[in-house]
């Protein structure tokens, strides 16, 4: 039973984008447009090359920002502010998800490759304010991105969580490999499963899955 698989968990770690809201809300589409515009302006390249670099850095480093920092010395603070200056009107509150999160025993935290101010705006738009004990952005990982293990180690050390008593919910399967190695229970939140060995559970409905954990 799902409930028994999580009976040891004391800290619940949630990714943000495409995890605490469904992919069809397409919030990240806006961010990608702003990333491309930033790369075009700051690196002086055409749109096609900017899109290629954005995707290349995401694939190689885990985030576009990580690639820009390592290969171009980009200042992360200005970049993060600009690319997250988007319209949150596509997000709507999810009372079922809020009830599922609230029912979880122990600490509940958010950890995203975005920034904390951005995460807090998403949380508010989804009606999830007041449900999390802490919100961590890439700045709290010293700008190391998921899926790098050092990113998780840095944030988890700051939080003080015990990995073997924690679970992580994440839409990108790459970002569950290090948590699995560290001892977390891993849950892939996505429309389709991957079958990757470092993933313990898959769900395409986070609210319903949390309800199963609570035994509802």
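A short reminder: the numbers here are calculations on the coordinates, not readings from a lab. Predicted model, so just to flag it, every value in this text is computed and none were measured. So basically every Cβ, Gly included, is an ideal-geometry build from the backbone, and we count neighbours across all protein chains shown.
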Pairwise label distance in nanometres, residue 5 with residue 103, each label 7 Å out on the Cα-Cβ vector: 1.7 nm
Using only Cα atoms, find the angle between the long axis of helix 149-159 and the longest principal axis of the chain, and express it within 0 to 90 degrees, rounded to the nearest 10. 60 degrees
Work out, step by step, the length gained on full extension between residue 85 and residue 37: first 0.36 nm times the residue separation, then minus their alpha carbon distance; give nm to one decimal. 16.0 nm
Consider all pairwise Cα distances in the chain and report the whole-number % of them above 22 Å. 49 percent
Sequence gap at least 6, Cα distance under 8 Å: using those rules, report the relative contact order of the chain to the nearest whole percent. 25 percent
Helix 27-43 vs. the chain, principal-axis angle (Cα, 0 to 90°, nearest 10): 30 degrees
Tell me whether the stretch 47-122 comes out rounded, prolate or oblate; compute the Cα gyration tensor, take square roots of the eigenvalues as a ≥ b ≥ c, and use a/c under 1.5 as the rounded threshold. prolate
Once fully extended, how much extra length lies between residue 56 and residue 124, figured as 0.36 nm per residue of separation less the alpha-carbon to alpha-carbon distance? 21.3 nm
Over the stretch 27-83, what is the mean sequence separation of C-alpha contacts under 8 Å (at least six apart), divided by residue count, expressed as relative contact order in percent? 28 percent
Given the C-alpha centroids of the stretch 172-216 and the stretch 1-32, what is the distance between them in whole angstrom? 8 Å
Length released on extending from residue 158 to residue 47, taking residue separation times 0.36 nm less the Cα-Cα span: 36.1 nm
Using a/c under 1.5 as the rounded threshold, could you call the stretch 27-83 rounded, prolate or oblate? The axes a ≥ b ≥ c are square roots of the C-alpha gyration tensor eigenvalues, and prolate needs a/b larger than b/c, oblate otherwise. rounded
Checking the a/c ratio against 1.5 first, then a/b against b/c, what shape does the Cα gyration tensor give for the stretch 102-150? oblate
